[in-house]
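Participant: I have a structure I would like to understand better, so I am pasting it below and will then ask my questions one at a time.
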Amino acid sequence: MRKWIIVLVVLALVVVGWFFGRQYVMRPRWAQPKFGRVTHGDIRVPITAAGLIHANQVIEVKSEASGRIMSVPVVEGTMVHAGTEVVVLDPDDEQRAVERAKADFDRADALLTQARVAVERAEVSIASANARLEEITAQGEVVAFELEKIERTLSEGKLNIYSDQQVHDIRAQYRMNQAQQEAARIAVRSAELSKQDAEAAVRSQEAVVQSARKTLEDAQKRLSETTVIAPQDAIVTEVYVRPGMLVQSATQGFTGGTMLMTLADVSKKKVIARLDEADYGRVLNVSPIDALPDMPELRAAAEQDAKQIEQRTGNVRITVDAFPDVEFAGRIERVEPQGKLNAGSSIIQFDVHVEITDPQRHMLPLGAQAQVEFTVESASNALLVPAEAVKSFEDKRGVYLKVPPERGSGEDYGQRFVACRFGISDGERTQVLAVLDGEQLPDGAEVYTVLPQRAGEGM
């Protein structure tokens, strides 16, 4: 009897196990789905490029004087201020040049003084000759009057009150006076010519004096430049000379003077970034008009597009490894029109000059590697969904909205496909431009990033 009781208990347990096991096997089992939420916010599509930080201007310091270098009181990497001594030359050679130029100038100036005295003397001679001419002319007028009376009396046959001797003397006086007037006029012209020659000599000597003065001033300037000073606040980047070396001025060679050092103007800094060819056009579209290549057609087209003008801020974000948690602001300064072949590859890249406008730019070291991020597309207060939530259904694109499962379906998850028209995407979020077919995507709604699937089915 006990044996039969045991058999019956075992059979009951088998039936109960079969029933519950059947319920588990027949019920659909689901792979775990994943969700994201619908949000509103700002979105931007960046393009990144790498480059190096440069000074905005590199200043070449050349020797304006000749001589032997006595000292170089700065080293590479030194921050110098305007007026700081950077190279000191032995002044002896330039001092002797000043003394020679001074002697030449003094001689030229003395000759100029003599030439001006000659002009003054010529002016005195002209005045004297004119006075003599006026005197003789006045005497001639009296003689001519007397001669005219005699000639008229004789021609009219009137009683002649003049003797033959008187007539002869008057006529002789007249002829002599005419000769004297001519001689006086010649003397005036000669004096005027002498003045002209003297004035020409003055002008010529003035040119000589001017040249001598310029030579003297240049020599004095070169003497002062035996002490070379920094023209502005800058960093010493390269030093090419050392004490004991001989250097030449610009007047002694064809190179504009011996190169002494280079300075970097760090009041402004920029990044020269290498942009891939595939991204060139997109960055060009957001560059300020003054940063575009100097192509009239390109600039004219950009100026006519009002929408593009609004986008052409040229604003960029800059990061460096030295300050990984800091973003620096910049602006596109110039886009080079000529591509360059990347060394060791067949990739064409374009240089983009980015001015660092951030107030903290002084922190950035020259030569440092920088990452530049260009915003080529953006939207504010946009309707956004996770990029992974964008799916396709039949011939439409959209998202699967999470909804409660249908009653009695036995399913754990419900979904409804919502067709949309999408805009830009940053890889993590995608902009929804419009929700189609009268549907809605409210803020905070859950959408599937990974759809639910029965165990064993393909994902």
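Bear in mind that the values in this text are calculations on the coordinates, not laboratory data. Quick caveat, the model's predicted, so the values are computed rather than measured. Methodologically, a virtual Cβ is constructed for each residue, glycine included, from the backbone with ideal geometry; neighbour enumeration extends over all protein chains shown.
Participant: How far apart, in nm, are two points set 7 Å out from the Cα along the Cα-to-Cβ line at GLU336 and at ALA250?
Facilitator: The modelled label-to-label distance comes out at 2.9 nm.
Participant: Taking 0.36 nm per residue of sequence separation and subtracting the Cα-Cα distance, how much length would be gained by fully extending the chain between GLN166 and GLU428, in nm to one decimal?
Facilitator: Details: separation 262, 0.36 × 262 = 94.32 nm, distance 13.37 nm.
Stretched out fully, the GLN166 to GLU428 stretch lengthens by 81.0 nm.
Participant: If the chain between ARG152 and SER224 were fully stretched, how many nm would it gain, using 0.36 nm times the residue separation less the Cα-Cα distance?
Facilitator: In short, 17.3 nm is gained.
Participant: Run the quick spin-label model on ARG100 and THR313: label points 7 Å from Cα toward the beta carbon, then report their separation in nm to one decimal.
Facilitator: It works out to 6.4 nm between the two label points.
Participant: If packing is taken as the mean number of other Cβ atoms within 10 Å per residue, what is the order of 222-229, 144-151, highest first? Write down the numbers at each step before the final one.
Facilitator: Working: 222-229: 19.0, 144-151: 13.8.
Result, highest mean first: 222-229, 144-151.
Participant: Bins of 10 Å, beginning at zero and ending with the bin holding the largest distance: percent of Cα pairs per bin for the stretch 103-160, please.
Facilitator: Going from the shortest bin to the longest, the percentages are 19, 19, 17, 15, 12, 9, 6, 3, 0.
Participant: Hey, another quick one. Give, in nm to one decimal, the length gained when the segment between ARG175 and GLN57 is fully stretched (0.36 nm per residue of separation minus the Cα-Cα distance). Walk me through the numbers before you get to the answer.
Facilitator: Numbers: separation 118, 0.36 × 118 = 42.48 nm, distance 8.64 nm.
Full extension of this stretch gives 33.8 nm more.
Participant: Taking amide hydrogens as modeled 1.01 Å from N in the peptide plane, which residues meet the under 5 Å criterion relative to ALA445, leaving out close sequence neighbours?
Facilitator: Under 5 Å from the amide H of ALA445: VAL38.
Participant: Taking +1 at the Cβ of each Lys and Arg and -1 at the Cβ of each Asp and Glu, which of ALA187, ALA144, THR215 sits farthest along the dipole of the stretch 95-224 towards its positive end, judged by Cα position relative to the Cα centre?
Facilitator: Value computed over the given set: THR215.
Participant: Highest first, please rank the peptides 107-117, 55-65 by the mean number of other Cβ atoms sitting within 10 Å of their residues. Present the calculation step by step, with values, prior to reporting the outcome.
Facilitator: Values: 107-117: 15.5, 55-65: 18.6.
Packing order, densest peptide first, comes out as 55-65, 107-117.
Participant: Name the shape class, rounded, prolate or oblate, that the alpha-carbon gyration tensor gives for the stretch 95-224, where a ≥ b ≥ c are the square roots of its eigenvalues, rounded holds for a/c under 1.5, and otherwise prolate holds if a/b is larger than b/c and oblate otherwise.
Facilitator: Details: a/c = 8.07, a/b = 6.98, b/c = 1.16.
In terms of gyration-tensor shape, prolate.
Participant: Suppose R0 equals 22 Å; then what is the FRET efficiency for ARG421 and ASP290 from their Cβ-Cβ distance, rounded to the nearest 0.05?
Facilitator: The calculated FRET efficiency here is 0.05.
Participant: Could I ask something else about it? Quote the charge dipole size of the stretch 95-224 about the Cα centre in Debye, to the nearest 20; the model charges only the Cβ of Lys and Arg (+1) and of Asp and Glu (-1).
Facilitator: For the stretch 95-224, the charge dipole is close to 780 debye.
Participant: Amide H of GLY339: which non-local residues (sequence gap of 5 or more, or other chain) have their own amide H closer than 5 Å, using H built in the peptide plane?
Facilitator: Distant-sequence amide H within range of GLY339: zero hits.
Participant: R0 = 41 Å: FRET efficiency of THR113 with ALA82, Cβ-based, nearest 0.05?
Facilitator: On the way: r = 42 Å, r/R0 = 1.03.
The calculated FRET efficiency here is 0.45.
Participant: Which far-off residues, 5 or more places away or on another chain, put their amide H under 5 Å from the one on MET261, with H placed in the peptide plane?
Facilitator: VAL61, TYR240
Participant: Quick one: 3J(HN,Hα) in Hz for the stretch 314-323, Karplus 6.51/-1.76/1.60 with θ = phi - 60°, rounded, Gly and Pro as x.
Facilitator: x, 6, 9, 10, 10, 10, 9, 5, 5, 9
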